């Protein structure tokens, strides 16, 4: 690990100010991606702004039917929350499926989405549920938030404060985990609200995406069989030693069908 | 007393200490004025080393010294040496290229140490290592086993044309050829034994120290101190062994990988001598991936000849073994002598012909890894038998039974010259089929089908060879206070040797376990030892220890007779006391020891023994595995696992169950998960972290149903056969046989390890498409 200056502010405003002043600063949330990267000297940061003392970033609450989760809420807290489990069980299940117990006990919702790993689970849930990301200065629709490989719409000194999740009628997440890392080789989040169906896919491409062909088919007939004829183009997909492009494309259909089947 | 006897599943006496953080591992040792080392490692698989500029690193804050290969050359530091003297089939010796502790003029694998920085802190050493400028001229590399012998492959060593280290032959080629010529059926298949990264929980670590007289001490996480001491003295520093002390404290896993001398151990001593200060190095996890010796990595072409009734007539095996870029201590021994002798398996196969070619590649060295050659052989035999059964339309268990060596044929000399002293292979098979409810399998398969899963049943009747490697020295001291000290040259890596040795002493000498201390891992305290490897510690070390116990009793008897005022011939020892035969007059060992203790201190009795096994032992057994496959994703899960082992006499069933569990999990890891991948173009190790290299976890493994069906060993003094590696030997073929069984409906006859999800999915897809 290279040397850096460490800060632990207690307010969002102080954190944003510290990030703005830093030459090459980075917020530290749960640290589950950032710390290993620093330890391996794959990244060098002038300043780390630890968000763990900012109480306004924590907590889970119901806001008139919308579920609001603070950015510094740990995956384990989301998984165990009675509020989340009753409002959006699929979201609790998604949190429960992240990494391993150690990661879930430290990793946070805000940290995960700000990092935007292409194989992370939360981006599928946020896009699938049509969530809104609230920052220290604005609100961003999930589809506009995740912009590319490890890229988001956040400015360098902008902090995720919370995420607002509208309640779907039904939702399910299915993923095929990488046996080594337990990241999603492919993860598909399906949500149905009224007649509207959203299908979000993580792990397959550079960034989470909505699968419009599947959404159209499911709007027409919300059954696994409706997905059978849909082939997903694999040209832009990730291919690596764990999964080739066409295997990932195949898994998109399998996981989508299983998510829909779970909601029958 | 009997509560701690031989054969009882007593809890491990070391666990309270290890599980409450009171273990003392090498990296826990802090010496005064200790310094820290960082190794700069090659980023290239193969490159000319044109120049190394160290001035900026040397001048960096906190840096004490920077060393390169040229420094070692200047100071006449010896090379690390391959300790195996292997004769090729043409009578010439194998090729043994030089291996300096730091690269000289050329690098040959990613992660090879190029320079060493020593600084006041680990951080300063690492910062400075980044300031070293190395001028590399990259060369084409070859990393794949199958590509190494290709005439177009880049050459790694001028003295080894075609990257061939050795070509070696065993068995009877003429008899084998003749048997094949008259065979009713010939079965052929190609098998991959995948490369594995050992991944001990505690990484390698070493701390070098030197005293005012120039005598050096190496603290190192090892599997035995004496072998390292000898090499460091004789090969590296050209000094007397007593001038280098080697100490090993607690060890968190070795699996064979910590047996060997490594460059970093040479360097911490060299640097300590240069600086006259202690120098510490502890591997980061990525260094473990890059620079620990790897395991396995063989390709084998196998042919089996059978008669009309399914009797094996002959076996032909042609193996290419990847040895890496440099020869580690025992590298050429593993795919040759260590493993091939077991190619007869548990069968009567009368003729066997084996050829092994060892090849150099631009990869980390390959050496012994849990089983060391025997898992490779067991995989060849047990996969081939299963493959043949399917081809012949026979039940795999039935084909095995037809060819088993019967107990009545013991001792049995195999076609490759091993003499099995004992074993009842049909019994372990029958017990496994019963315990694992093989009869109920069709119902379980049908139930799985309703859930959309393919269920398969696989078995493997393995045999292996243990307790070789020469004698072990065990010293037993009884103090004037009656307390007992065991000094022994084996080295626990976590197996629980301390408990097993205490059981042997407690049951034979009648001493409470709390009054026994086991000392291992210090060349100053233990005169000699062979170390831990090849499942030999308890079978050989334990037998030596039992002999030392006998000698102590013999030595103490005259003193006891004196105290009892009886003739020595009338005195007998039982349950911790000496008694006049036929009377109730006794005197305790403690009282005898108190009377015999020298006035000036020191033990009352001290006896040593060096029991040499007259032959190898042959642990064997049957593994029965059931898997379920998700055909849509290619995911596979081991859902039921039964093991029946013959380990001969067992000192502690709980310890051997632990060994079997760990071994089976490693075998499942090899069969389904662990894939060590070097990029064929760049030679980079792609799987250099746990993010990409899948280790088995608790949820990959079902409860393991473990049974013992033991036949006492006829050649071991205590009847033991050894248990440390068996799990990892039986599991890979059992798992793959189960996977193939699950896929049988698609006409799939074989799938190579590791059965990763995509590989399995493609196999099913291609089979369905009739490809």
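The values are calculated or read from the model by the stated rules, or taken from the named source; none is laboratory data. This structure is a prediction, so every number in the text was calculated from the model and none was measured. Positions of Cβ are backbone-derived with ideal geometry, glycine not excepted, and every protein chain shown enters the neighbour counts.
A compact table of results
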quantity: Candidates B:719, B:667, filtered to the one that is more than 10 Å from every other protein chain (Cβ to nearest Cβ), closer than 30 Å to residue B:470 by Cβ and touching a strand residue (DSSP E or B) at 6+ places or on another chain (Cβ under 7 Å); calculated: B:719
quantity: Qualifying residue in the stretch B:14-25 (condition: at pLDDT 95 or above and buried (at least 21 other Cβ atoms within 10 Å of the Cβ)); calculated: no
quantity: Enumeration of residues in the stretch B:466-488 that are under 24 Å from residue B:337 (Cα atoms) and either surrounded by 24 or more Cβ atoms within 10 Å (Cβ to Cβ) or touching a strand residue (DSSP E or B) at 6+ places or on another chain (Cβ under 6 Å) (or both); calculated: B:466, B:467, B:471, B:472
quantity: Leading residue by the ranking (nearest to the other protein chains (Cβ to nearest Cβ)) among those in the stretch A:221-264 that are in contact (Cβ under 8 Å) with a residue 24 or more places away in the chain, assigned to a loop (DSSP other than H, G, I, E, B) and closer than 23 Å to residue A:169 by Cβ; calculated: A:264
quantity: Residues located in the stretch B:729-771, provided they are within 14 Å of chain A (Cβ to nearest Cβ), assigned to a loop (DSSP other than H, G, I, E, B) and surrounded by fewer than 19 Cβ atoms within 10 Å (Cβ to Cβ); calculated: B:769
quantity: Qualifying residue in the stretch A:174-189 (condition: at positive phi and within 14 Å of chain B (Cβ to nearest Cβ)); calculated: yes
quantity: Top-ranked residue in the stretch A:161-194 [being in a strand (DSSP E or B) and out of contact with any strand residue (DSSP E or B) (no Cβ under 6 Å at 6 or more places or on another chain); ranked as farthest from residue A:99 (Cα to Cα)]; calculated: A:193
quantity: Residues satisfying the stated conditions in the stretch B:122-151, i.e. in a loop (DSSP other than H, G, I, E, B), over 25 Å from residue B:96 (Cβ atoms) and more than 14 Å from every other protein chain (Cβ to nearest Cβ); calculated: B:132
quantity: Test: residue in the stretch B:638-660 that is within 13 Å of another protein chain (Cβ to nearest Cβ) and touching a strand residue (DSSP E or B) at 6+ places or on another chain (Cβ under 8 Å); calculated: yes
quantity: Top-ranked residue in the stretch B:449-472 [being at pLDDT 95 or above and over 25 Å from residue B:400 (Cβ atoms); ranked as farthest from the chain's Cα centre (by Cα)]; calculated: B:450
quantity: Count of residues meeting criterion [over 24 Å from residue A:74 (Cβ atoms) and out of contact with any helix residue (DSSP H, G or I) (no Cβ under 7 Å at 6 or more places or on another chain)] in the stretch A:157-189; calculated: 2
quantity: Test: residue in the stretch A:3-25 that is touching a helix residue (DSSP H, G or I) at 6+ places or on another chain (Cβ under 6 Å) and at pLDDT below 95; calculated: no
quantity: Residue check, residue A:211 surrounded by 15 or more Cβ atoms within 10 Å (Cβ to Cβ) and within 13 Å of another protein chain (Cβ to nearest Cβ); calculated: no
quantity: Criterion: surrounded by 14 or more Cβ atoms within 10 Å (Cβ to Cβ), within 30 Å of residue B:699 (Cβ to Cβ), in contact (Cβ under 8 Å) with a residue 12 or more places away in the chain and outside the structural domain of residue A:177 (by TED's automatic domain parsing) - qualifying residue of A:31, A:25; calculated: A:31
quantity: Enumeration of residues in the stretch A:1-56 that are away from chain B (no Cβ under 14 Å), part of a loop (DSSP other than H, G, I, E, B) and more than 23 Å from the chain's Cα centre (by Cα); calculated: A:8, A:9, A:10, A:11, A:22, A:23, A:24, A:45, A:46
quantity: Among (1) surrounded by fewer than 24 Cβ atoms within 10 Å (Cβ to Cβ); (2) not in a strand (DSSP E or B), the one test that residue B:217 misses; calculated: (2)
quantity: Some residue of the stretch B:376-388 being surrounded by fewer than 21 Cβ atoms within 10 Å (Cβ to Cβ), over 27 Å from the mean Cα position of the chain (by Cα) and in contact (Cβ under 8 Å) with a residue 24 or more places away in the chain; calculated: no
quantity: Pick from the stretch B:680-698, criterion more than 9 Å from chain A (Cβ to nearest Cβ) and touching a strand residue (DSSP E or B) at 6+ places or on another chain (Cβ under 9 Å), ranking: surrounded by the fewest Cβ atoms within 10 Å (Cβ to Cβ); calculated: B:684
quantity: Check on residue A:213, out of contact with any strand residue (DSSP E or B) (no Cβ under 8 Å at 6 or more places or on another chain) and in a helix (DSSP H, G or I); calculated: yes
quantity: Some residue of the stretch B:334-343 being under 20 Å from the mean Cα position of the chain (by Cα), surrounded by fewer than 24 Cβ atoms within 10 Å (Cβ to Cβ), touching a residue at least 24 places away in the same chain (Cβ under 8 Å) and more than 30 Å from residue B:204 (Cα to Cα); calculated: yes
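Here's the yes/no breakdown for (1) farther than 30 Å from residue B:11 by Cβ; (2) outside any helix (DSSP H, G or I):
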| position | (1), (2) |
| --- | --- |
| B:493 | no, yes |
| B:533 | no, yes |
| B:557 | yes, no |
| B:560 | yes, no |
| B:590 | no, no |
| B:594 | yes, no |
| B:602 | yes, yes |
